[in-house]
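Structure record follows, encoded as C-alpha cells.
The values are calculated or read from the model by the stated rules, or taken from the named source; none is laboratory data. All values reported here derive from a predicted model rather than from experimental measurement. Backbone-built Cβ (ideal geometry, glycine too); neighbour counts: all protein chains shown. For accessibility, only protein heavy atoms count, side chains too; no ligands or nucleic acids. Shrake-Rupley method; radii C 1.70, N 1.55, O 1.52, S 1.80 Å.
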Amino acid sequence: MRPLPKARWFGGASLGAAFLMANSSIGPGFLTQTTVFTQQLLTSFGFVILISVVLDVGAQLNTWRILTVSELRAQDLANGLVPGLGYFLAAMVILGGFAFNIGNIAGCGLGLNVLTGMSFEQGALISCGVALVLFWVREIGKMLDGFTKILGTVKILLTLIIAFSAHPPVLQALHHTLLPVQISAASIVTIVGGTVGGYITFSGAHRLLDAGIKGPDQQGVVTRSAISGIVISTIMRFVLFLAIVGVLSKGAVLDPDNPAASVFRSAAGEVGFRIFGVILWSAAISSVVGAAYTSVSFFKTFHPVFARYERLCISVFIVLSTAIFVLVGKPTQLLVFAGFINGLILPIALAIVLIAATNSRLMRGYRHPRWMLAAGWVVVVVMGGLSVPLLVEQVGGLLR
C-alpha cells in the first residue's frame, strides 16, 4: 500500500485515530480522576502525569505498530500466538471497556446534572437514549472521527481558559513534577489505566485497521498518529492539572459529587460551570459510543453472527452499562474505579502483544525494534509491580 499523502494525514483517518485515543483518554473519567488525585497530591500530581506519559509512549507505540504491521486485531493476534489466548484477552478488555462505559454513562449524568439540575440517574437514562439514536442514524467511523477531533480541540481550549483564570503556581508545579513531595502508586495505576489502559490501548490501532492503514510501509503514519494522540492527551492533562492546582491554592472546597465541575465554577463562575457541563456531556456521549464500539470489536471476529448484528451488540452494551450505573449510582467513585480496573488489565494485554511481536509468522517477517520491545516490557513490569499490591489490598478490603 502506498503511503498516504500529507493532506490526508492532517484530515484523514490517521488523525481521527489519534483523536479517538486522546478523546477516550480525556473523557469524563480523566477529568474526575485528575481532580480527585490532584486534591490529594497537589503540585506533586505533575509527577504522576510525567510518569504516565512515559508509560503511555511505551504502551501505545508498541501496540499500534505491532497490530498494524500484523494486520490483525489484538484478539486475532493473540489467538494466532496461542489458540484460545485471544478469547482471554477479549474477555479482559471487554470487562475493562464495560467498566469504562459505566463511567462514561456516569459522566453523562454528571454533565446533565450541571446543565439542568436533574438527577445523575435521569441524566444517564436520557443520555443512553441519545447515544442509541446517535449510533443508529450515523455511520460510526465518520462519526467517531469527526466528533473526537472537534471535542478534543474544544476541551483543550476551554480548559486553557480556565487555567489562565485560576492563576496556578506554575513554577512550583513544574518543580514538583520533577521532584515530587509525595508519590501515590494508586494514582499512577489509575491515571495510566484511565488514559491508556484497557480498550483505549487498542482503540486507535483498531480504527487504523478499519481505515485500511496497515502494513510495514505505513509505519511512519502509524507512529505519527500514535504520538499525536499522546501529545494531545498530555496537553489536556497538564492544563487541567494547572487549573485544579490554581483553584485549590486559593482555598476552594470542591463538591465531592462533582469535583471537576467545582474547579470550573471556582475559576470562571456560573459561565464556566455551565460550559463545563456542555463539554463533559459531549465528551461522555462520544466516549459511550466509542467504548462500546471498540469493546464489541474484540468479539465480532469470533463468529459471523456478531459481525452481522454488530449494531445490536453495541446497543445492548450501552443499555447494560446504563442499567448498572442507575442501580449503583456513585458516579465519581465509578469513574475512578474504571481507571483502576483498566490499569490492572494493561500489563497483561501489553505483554501478550509484545510476545506476539517476536513471532515472525504473525509479523510477516517484520522485526520489531528492540528498543521498543524493551520500552514495552518496562511498562509491563512497572504497571504489574504497582498493580498487584493494590489488587491484593482491594481484595483484602472486600474480605474484611
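Before moving on, here are some points about what is shown:
- If only residues of region 179-212 that are open to solvent by 10 Å² or more (accessible area, probe 1.4 Å) and not in a helix (DSSP H, G or I) are counted, the one that is farthest from Gly46 (Cα to Cα) is Gly212.
- Sub-8 Å Cβ pairs linking a first residue in region 289-309 that is under 16 Å from Trp136 (Cβ atoms) to a second residue that is in a loop (DSSP other than H, G, I, E, B), at least 6 apart or interchain, number zero.
- Among the residues here, Val247 qualifies as farther than 18 Å from Leu134 by Cβ and touching a residue at least 60 places away in the same chain (Cβ under 8 Å).
- Every residue from region 143-173 that is at pLDDT below 75 and open to solvent by less than 40 Å² (accessible area, probe 1.4 Å): Met143, Leu144, Asp145, Gly146, Thr148, Leu151, Gly152, Lys155
- Residue that is nearest to the chain's Cα centre (by Cα), among those in region 259-298 that are aromatic (Phe, Trp, Tyr) and either in a helix (DSSP H, G or I) or closer than 17 Å to Leu160 by Cβ (or both): Tyr293
- Within region 300-357, helices (runs of 4 or more DSSP H) holding 3 or more residues that are modelled with pLDDT under 70 and farther than 22 Å from Gly123 by Cα: 331-356
- Single unsatisfied condition, His176 versus (1) closer than 29 Å to Val288 by Cα; (2) surrounded by fewer than 21 Cβ atoms within 10 Å (Cβ to Cβ): (1)
- Every pair of residues 6+ apart whose Cβ atoms lie under 6 Å, when the first sits in region 260-284 and is of a type outside the set (A, V, I, L, M, F, W, C) while the second is open to solvent by 10 Å² or more (accessible area, probe 1.4 Å) and not in a helix (DSSP H, G or I): Ser262/Leu254; Ser262/Asp255; Ser266/Ala252
- When Val278, Val231, Val247, Val221 are screened for being over 30 Å from Ser387 (Cα atoms), among the aliphatic types (A, V, I, L, M) and open to solvent by 30 Å² or more (accessible area, probe 1.4 Å), only Val278 passes.
- Of residues in region 59-98 being part of a loop (DSSP other than H, G, I, E, B) and farther than 25 Å from Val319 by Cβ, the one least open to solvent (accessible area, probe 1.4 Å): Gly84
- Cβ-Cβ under 9 Å pairs, at least 6 apart or on other chains, region 201-223 side under 23 Å from Leu95 (Cα atoms), far side polar (S, T, N, Q) and open to solvent by 10 Å² or more (accessible area, probe 1.4 Å): Ser203/Ser24; Gly204/Ser24
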